[in-house]
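Some notes on the structure that comes next.
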Amino acid sequence: MEKEISGFRTPNANRLHIALFGRRNSGKSSLVNALTGQDTALVSSIPGTTTDPVMKAMEVHPLGPCLFIDTPGFDDDEGELGGMRVERTLKMMERTDIALLLCEDGGEQEKEWLRILAARDIPVIPVLNKADLHTDVESLAGQIEKEYGLAPVIASAKEGTGIREIFRAILEKLPPDFGTQTITGSLVSEGDVVLLVMPQDIQAPKGRLILPQVQTIRELLDKKCLVMSCTADKLKETLKALAYPPKLIITDSQVFPAVYRQKPAESLLTSFSILFAAYKGDIDFFVEGASAIGRLTEQSRVLIAEACTHAPLTEDIGRVKIPRLLRQRIGENLQIDMVSGSDFPQDLSGYHLIIHCGACMFNRKYVLSRVASARMQGVPMTNYGVTLAYLTGILDKISY
């Protein structure tokens with residue numbers, strides 16, 4: 001069980017997302033409970049008990065922080081509601097790092113889902129669950145391996161067997177870059193002075209820092225950097241207080257112009273949003289996508305996507321500030337659509353540009369799924385910080 005200190009724990013966005021897929025009544029919920037050691041998911045002999053994805057965050061040795069996801073059966077074809085459940089299961093693939101595919105035999109449905117998962121570059125571990133119910137489980141496992149080209153892990157959620165083998169298989173299937181991505185990358189190293197410019201506006205209520213700031217500070221401390229923080233109005237005084245210029249200045253993207261004007265020439269400059277664009281997504285694709293702003297006209301259509309689902313606030317960066325800056329540059333008739341959370345359209349063909357937030361609430365796989373969709377449909381995509389740097393005219397001066 002994950003240990004929590006003073007209410008803090010690893011954000012779900014930083015966890016390995018392990019999703020279970022299979023037919024109704026294939027034992028997904030029972031297996032989730034066996035993997036987590038808790039009654040996380042509702043178990044019943046009635047097919048279709050799981051109607052929505054169920055998530056459970058765990059600290060699992062030696063995997064570390066994980067998020068197990070129990071999904072509705074992909075064979076639910078009973079009316080409109082069944083179709084909606086299958087659609088939610090499909091959408092859950094967008095954030096899946098590793099899939100456990102429960103298979104009772106070498107069925108065609110499982111083979112089709114194996115193809116779907118492979119097409120999305122999701123590592124798959126076939127699991128022959130309910131081993132206690134089969135008389136010749138080894139023969140059945142051989143049949144499944146012949147059909148899928150992958151040997152299944154034999155398990156029984158009821159008897160608690162095969163659990164260690166599943167965890168061992170997950171370790172072997174870990175994505176090559178999982179756990180190696182860092183927020184600040186190679187921009188700083190031990191002993192470097194880093195200055196954080198963090199305006200405390202309505203987005204960061206009194207007494208709190210927003211998640212990207214907290215995570216960045218923690219990483220810099222782990223790297224043994226010397227960290228100094230200030231608000232934008234105290235930047236001048238802070239720079240004077242330092243014995244020498246900081247190696248890197250990380251700012252809120254909204255105050256790029258003011259910080260750029262005051263920064264020492266030798267100091268690198270970036271923003272929290274840009275760092276997270278590289279940490280969670282494809283920064284080169286985002287920088288390239290920003291150039292599409294220069295091609296927008298009043299007949300263009302822009303999609304702004306936000307990971308959070310918070311209620312709109314005064315001067316909200318995604319809902320107010322960026323739209324205002326774009327319309328000031330391009331024209332008041334520029335059409336701008338806004339989506340939040342998981343409401344990201346599958347058909348992007350009607351858009352000329354997508355602008356995404358830093359996605360601190362999404363895992364990397366989810367953001368890259370959206371990037372892949374935009375790339376496949378030929379739609380440029382960028383991010384909040386990159387957009388503000390481009391509109392300010394300093395994108396070529398920013399480090400990432």
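The values are calculated or read from the model by the stated rules, or taken from the named source; none is laboratory data. No experiment lies behind these values; they were computed from the predicted model shown. FYI the Cβ positions are ideal-geometry reconstructions off the backbone, even for glycines, and counts take in every protein chain you see. Heads up: the accessible areas ignore ligands, DNA and RNA and are worked out on the full protein's heavy atoms, side chains in. Shrake-Rupley method; radii C 1.70, N 1.55, O 1.52, S 1.80 Å.
Expressed as a whole percentage, what fraction of the accessible surface of region 209-281 belongs to carbon and sulfur atoms when a 1.4 Å probe is rolled over the protein heavy atoms?
The C+S portion of the solvent-accessible surface of region 209-281 is 60 percent.
Kindly rank 318-329, 381-392 from highest to lowest mean number of other beta carbons found within 10 Å of each residue.
Top to bottom by mean Cβ count within 10 Å: 381-392, 318-329.
Would you check the accessible area of K173, probe 1.4 Å, heavy atoms only, in square angstrom rounded to 10?
Around 70 Å² of this residue is reachable by solvent.
Kirkwood Rh over Cα pairs of region 113-189 into Stokes-Einstein at 20 °C, 1.002 mPa s: D in µm²/s?
Here the translational diffusion coefficient equals 146 µm²/s.
Just the number, please: Stokes-Einstein D of the chain in µm²/s, Kirkwood Rh from C-alpha pairs, 37 °C, 0.692 mPa s.
Once the numbers are plugged in, D ends up at 142 µm²/s.
Per residue, how much accessible area does region 204-305 have with a 1.4 Å probe, in Å²?
That works out to 48 Å² for each residue.
To the nearest 20 Debye, how big is the dipole of the chain about its Cα centre, given +1 on the beta carbon of each Lys and Arg and -1 on that of each Asp and Glu?
It works out to roughly 1660 debye.
Considering only L16, I293, A119, whose Cα is most displaced toward the positive end of the charge dipole of the chain, charges sitting on Cβ of Lys, Arg (+1) and Asp, Glu (-1)?
With unit charges placed on the Cβ atoms, the residue in question is I293.
Would you work out which of T216, V86, C103 lies farthest towards the positive end of the dipole of the chain, given +1 charges on the beta-carbon of Lys and Arg and -1 on that of Asp and Glu, about the Cα centre?
T216
Excluding residues on the same chain fewer than 8 positions from K28, give the lysines whose Cα lies under 25 Å from its Cα.
Qualifying lysines at Cα under 25 Å: K56, K91, K111, K130, K146, K158, K173, K365.
Quick one: work out Rg over Rh on the C-alpha atoms of region 99-233, Rh as Kirkwood radius.
1.25
Explain nothing, just the number: relative contact order of region 219-339, from Cα pairs under 8 Å at least 6 residues apart, as a whole percent.
Relative contact order, region 219-339: 20 percent.
Working only with C-alpha atoms, what are the Rg and Dmax values of region 197-351, expressed in angstrom?
Here Rg and the maximum Cα pair distance are 17.5, 53 Å.
What number in nm² do you get for region 245-287 if you take the convex hull of its Cα atoms and divide its surface by four?
The directionally averaged projection comes out at 3.3 nm².
With charges only on Cβ, +1 for K and R and -1 for D and E, what is the dipole size of region 104-177 about its Cα centre, in debye, rounded to 20?
Roughly 240 debye, rounded to the nearest 20.
Over region 262-399, calculate the relative contact order: mean separation of alpha carbon pairs under 8 Å at least 6 apart, over the residue count, as a percent.
This gives 39 percent for region 262-399.
If I take R0 = 22 Å and measure r between the Cβ atoms of Q328 and R261 in this structure, what FRET efficiency does the formula 1/(1 + (r/R0)^6) give, to the nearest 0.05?
Efficiency at R0 = 22 Å is approximately 0.65.
For region 126-201, which GluC sites (Glu not before Pro) are in a loop by DSSP, counting at most 10 other Cβ atoms within 10 Å?
Filter output for region 126-201: E190.
Considering Cα pairs under 8 angstrom that are at least six residues apart, work out the relative contact order of the chain and quote it in whole percent.
Worked out over the chain, it gives 14 percent.
Pop out the ³J(HN,Hα) list for region 368-375 in order, Karplus 6.51 cos²θ - 1.76 cosθ + 1.60 with θ = phi - 60°, rounded to Hz; leave Gly and Pro as x.
My calculation for region 368-375 gives 5, 5, 5, 4, 4, 5, 5, 4 Hz in order.
Around M376, with a cut-off of 12 angstrom between Cβ atoms, what is the net charge of the other residues, counting Lys and Arg +1 and Asp and Glu -1?
Around M376, the surrounding residues sum to +2.
Given the -39500 (n - 2.57) contribution per DSSP H run of 4+ residues, what per-residue ellipticity at 222 nm results for the chain, rounded to the nearest 500 deg cm²/dmol?
Estimated from H runs of four or more residues: -9500 deg cm²/dmol.
Taking the Cβ of Y148 as the centre, find all other residues whose Cβ is under 9 Å away and add up their charges (Lys, Arg: +1; Asp, Glu: -1).
Result for the neighbourhood of Y148: -1.
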